[in-house]
């Protein structure tokens, strides 16, 4: 039998590095020595403040106390994303977590609802989502395990300070015996016979070796690209955003339990309310506006006093051609970057870590195992990519050059195969087990941005209209009643010991 892995060196800290360290410590215990190398002199990107519901599973897996974690990271809860001016200027829609409707009717809730909608019945689509209705009221709560309850679909994620999250995970990991090493890598040493990484040399002359290396060095990809030359697949022809400004501002009013994404002339602006401040950013394409124009637009659209100078990030959307090569696994920005639109950056770190545990190697480093990891993660990333592209492709705007460009640009065949069945007759489907975004997510964005099917499944027209209308009215009524009964967001956090006492400034 091939010898097991005995040592792992994580090169780079930040959210990705410390998430990997926490998961490996939990899974490997004393059997594998896990060390993390980082430098205080190298900053982290750390703007990813919004997450999606699976982060709860990750935090539980690594044994975090929810209330302590939320206090430490100044976290708030998130029920979905509000999109403003994306489909047509002057409109809004909400992409909620969870599902629409109380359950399947003949198979697809959206077909029943769209059939009623064509008769002027059924109410607003968002009225059938507990997350959307609760978000409008600024309320949150606990998901109900009873599938008959509207609260069974009350999925929540977090907004948190990514820098504080990394610090908190570091504290947890060091308390559990993970060794942190301070230093900067100046050389990556490879084995002559096969090109595997043998060690890294630090600026002070120290040499660190390991059996498995995890590259969390950000966009540089110091090991996966700098040493192993994995290659990069550029997706900027589909996702042209290539820069972002990020700035915190003083929080005014209650912390909203949702992210806001507002379309701007050269891209879009995020707003994320934490306990102690509000995170803001403008993601844009430099072909359609200057850095100064976008910086001024961001600052002019803050709802509180700026707490720092805006920080700029530059990136190329895409991914590594191999996430895992030889004995190096890339995580986070070193593995690629889609863009922040649907809050998937931290989720893809989580997916990479989870799959690494599922495909954890021995000293033989089976190529079949490595290939399986790359295929699975690659497929998931492509599905996320397509969903993000959908937001741009589905716009009806023609008032700005950027929006005309993304509306008319070619899209991947894999996305066209999802959009055309919906345009044809409102058909939605899941591609496979590795797809995160549900049919409800696809419905929210396509319908919310103005895609209207030319027809519907005729079977749904055979249903008794009176019964269908009563069913939908009752569904929306139960959702509205359940949403009204939930506690206010901040009251909920305080009652459960999750509130760290963020200061709110007057508007």
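Just a few scattered comments:
- Selection status of residue 14, surrounded by 17 or more Cβ atoms within 10 Å (Cβ to Cβ) and touching a strand residue (DSSP E or B) at 6+ places or on another chain (Cβ under 6 Å): no
- Conditions (1) crowded, with 20+ Cβ neighbours inside 10 Å; (2) touching a strand residue (DSSP E or B) at 6+ places or on another chain (Cβ under 7 Å); number of the one not met by residue 161: (2)
- Test: residue in region 335-342 that is assigned to a helix (DSSP H, G or I), within 24 Å of the chain's Cα centre (by Cα), farther than 20 Å from residue 319 by Cβ and touching a residue at least 40 places away in the same chain (Cβ under 8 Å): no
- The condition of being over 23 Å from residue 210 (Cα atoms) and assigned to a strand (DSSP E or B) holds for only one of 10, 81, 55, that being 81.
- Qualifying positions in region 413-443 - without any contact (Cβ under 8 Å) to a residue 24 or more places away in the chain, part of a helix (DSSP H, G or I) and within 23 Å of residue 375 (Cα to Cα): 413, 416, 417
- Candidate set: region 328-337, residues that are buried (at least 24 other Cβ atoms within 10 Å of the Cβ) and touching a strand residue (DSSP E or B) at 6+ places or on another chain (Cβ under 8 Å); chosen: the one farthest from residue 189 (Cα to Cα): 336
- Residue match in region 294-308 (condition: farther than 25 Å from residue 405 by Cα and either assigned to a strand (DSSP E or B) or within 20 Å of the chain's Cα centre (by Cα) (or both)): yes
- Test: residue in region 429-442 that is closer than 26 Å to residue 263 by Cα, in contact with a strand residue (DSSP E or B) (Cβ under 7 Å, 6 or more places away or on another chain) and either in the same structural domain as residue 461 (by TED's automatic domain parsing) or surrounded by fewer than 21 Cβ atoms within 10 Å (Cβ to Cβ) (or both): yes
- Condition check for residue 445: within 26 Å of the chain's Cα centre (by Cα), surrounded by 13 or more Cβ atoms within 10 Å (Cβ to Cβ) and under 24 Å from residue 263 (Cβ atoms): yes
- In region 267-277, the count of residues that are outside any loop (DSSP other than H, G, I, E, B), closer than 30 Å to residue 366 by Cβ and under 18 Å from the mean Cα position of the chain (by Cα) is zero.
- Residue pairs meeting the criteria (Cβ under 6 Å; at least 6 apart or on separate chains; first assigned to a loop (DSSP other than H, G, I, E, B), in region 107-124; second at pLDDT 90 or above): 121/469; 122/113; 122/116; 122/472; 123/476
- Restricting attention to region 484-504 and to residues that are surrounded by 13 or more Cβ atoms within 10 Å (Cβ to Cβ) and more than 25 Å from the chain's Cα centre (by Cα), the residue that is modelled with the lowest pLDDT turns out to be 504.
The values are calculated or read from the model by the stated rules, or taken from the named source; none is laboratory data. Treat the numbers as computed from the prediction; the structure is a model and nothing was measured. Heads up, the Cβs are rebuilt from the backbone with ideal geometry, glycines too, and the neighbour counts pull from every protein chain shown.
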